[in-house]
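What follows is one structure encoded as structure tokens, with my remarks underneath.
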Amino acid sequence: MLRAILFVIATSVVTAPGFALADRIKDIASVAGVRSNPLVGYGLVVGLSGSGDGNSGLTRQSMQAIISRLGLEVDAQDLNARNAAAVMVTAELPPFLKPGQNIDVTVSTAGQSKSLQGGTLLMTPLMGADGEVYAIAQGNLVVGGLGVEGGDGSSIMVNIPTVGRIPRGATVERLVKTAFLDSEYFVMNLHRPDFSTAGSVADTINETFGAGVALALDGSSVRVRAPANPAERVSYMGILENLEVEPAEPPAQVIVNARTGTVVIGGQVRVTPAAVSHGSLTVRVNEDFNVDQGATVINGGDGVVVAPGEPVVTPDTEIAVEQENNPAFVFDPGVSLSSLVDAINAVGASPADLVAILEALYRSGALRAELIVI
């Protein structure tokens with residue numbers, strides 16, 4: 001009976017009008033406890049073409065430990081890690097993955113190796129935060145970078161040759177348990193907490209599945225009653241996360257990136273009556289010199305004689321002042337985002353000028369929004 005009800009609900013959700021501008025619940029929220037888990041391990045990459053760690057003690061000890069497990073005895077001092085590299089291996093274990101399935105891994109150098117090109121990762125256990133081994137990684141690396149160094153010290157590097165990936169390079173060995181099949185309720189956590197959106201999500205679920213099924217716990221979480229039969233939970237969740245909800249409009253904010261000059265103004269930003277005058281004053285000073293030939297007058301028996309003298313240098317300074325006559329523009333009550341941007345663009349404001357205008361409006365109390373500088 002429940003399967004038939006779920007099919008009718010799914011059909012009505014897909015064909016119901018009025019949801020064209022809404023978002024699916026799966027796009028604005030996630031199920032508590034259903035998440036990926038980071039894995040990390042320490043391993044050894046071999047088969048490098050002279051770009052390994054060299055005489056690194058850590059790498060030689062790692063090589064000795066691996067060789068010892070294979071039944072051979074060797075002294076670490078007799079080993080050379082020129083073709084081997086100590087690496088850190090990381091991966092993400094998605095939820096519900098079962099033993100025997102594969103995941104991608106990323107391999108990064110931990111020592112002095114300059115490139116992992118052509119290397120092979122030896123069997124590496126990957127552990128979770130609890131110290132338990134959840135996957136085993138091994139395989140040939142795919143490296144997208146290239147590094148070349150000459151004998152005179154010159155070098156060239158393309159991308160990053162010290163990091164590589166192994167697609168499907170780890171096999172899952174342990175299942176991460178979740179409460180998805182056992183818990184009485186599902187908890188949907190919003191990606192962006194908002195009381196209005198949480199209430200809308202709960203109302204939409206109750207309208208679809210019946211009153212009392214969903215309850216907004218706070219501005220971030222909505223509790224949903226789960227089916228008693230575990231076999232019906234997957235279908236139930238598939239329909240629930242595809243329900244469409246119109247999220248509440250975000251708060252009025254102006255985001256300013258002080259390093260790049262990027263300014264993002266939210267759609268709900270309003271400005272109270274204010275007058276803004278924007279202009280620039282330019283002062284130019286040209287320093288020049290006039291040089292005149294000096295003369296010396298001598299009275300002798302033959303009359304007056306004018307002899308050349310030392311040149312006379314006199315400064316000639318020219319100062320010019322220019323000011324753009326940009327008129328002040330006035331914001332009426334409740335001016336919207338588009339009018340605000342159009343008015344600021346009309347005076348030819350640069351990003352730095354725009355930030356100054358917005359900050360002045362905020363300080364005066366005319367900008368009805370939160371000003372955030374990142």
Applying the selection to segment 89-136, what residues are of a type in the set (A, V, I, L, M, F, W, C) and assigned to a loop (DSSP other than H, G, I, E, B)?
96, 97, 110, 116, 129
Go through segment 56-103 and give me each residue that's in contact with a strand residue (DSSP E or B) (Cβ under 6 Å, 6 or more places away or on another chain), closer than 24 Å to residue 115 by Cβ and in contact (Cβ under 8 Å) with a residue 40 or more places away in the chain.
56, 58, 59, 84, 85, 87, 88, 89, 90, 91
For residue 254, which of the numbered conditions (1) part of a strand (DSSP E or B); (2) out of contact with any Leu (no Cβ under 9 Å at 6 or more places or on another chain); (3) surrounded by 12 or more Cβ atoms within 10 Å (Cβ to Cβ) fails to hold?
(2)
Scanning segment 169-192 for residues that are of a type in the set (Val, Ile, Thr) and in a loop (DSSP other than H, G, I, E, B), the one farthest from residue 229 (Cα to Cα) turns out to be 176
Kindly evaluate residue 186 against the criterion of being modelled with pLDDT under 95 and in contact with a strand residue (DSSP E or B) (Cβ under 8 Å, 6 or more places away or on another chain).
yes
Out of (1) modelled with pLDDT of 90 or more; (2) over 30 Å from residue 33 (Cβ atoms), the one residue 54 does not meet is (1)
Would you confirm whether or not segment 213-222 contains a residue that is over 27 Å from the mean Cα position of the chain (by Cα), assigned to a loop (DSSP other than H, G, I, E, B) and modelled with pLDDT under 90?
no
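Okay, residues lined up against (1) small (Gly, Ala, Ser); (2) closer than 30 Å to residue 126 by Cα; (3) in contact with a Phe, Trp or Tyr (Cβ under 6 Å, 6 or more places away or on another chain); (4) assigned by TED's automatic domain parsing to the domain that holds residue 23:
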{"residue": "198", "(1), (2), (3), (4)": "yes, no, no, yes"}
{"residue": "212", "(1), (2), (3), (4)": "yes, no, no, yes"}
{"residue": "229", "(1), (2), (3), (4)": "no, no, no, yes"}
{"residue": "262", "(1), (2), (3), (4)": "no, no, no, no"}
If you take the residues of segment 41-51 that are modelled with pLDDT of 90 or more and over 28 Å from residue 129 (Cβ atoms), which of them is surrounded by the most Cβ atoms within 10 Å (Cβ to Cβ)?
48
Please give the number of the condition residue 240 fails out of (1) outside the structural domain of residue 189 (by TED's automatic domain parsing); (2) surrounded by 14 or more Cβ atoms within 10 Å (Cβ to Cβ).
(1)
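The values are calculated or read from the model by the stated rules, or taken from the named source; none is laboratory data. From a predicted model like this one, the values you see are computed outputs, not experimental measurements. Heads up, the Cβs are rebuilt from the backbone with ideal geometry, glycines too, and the neighbour counts pull from every protein chain shown.
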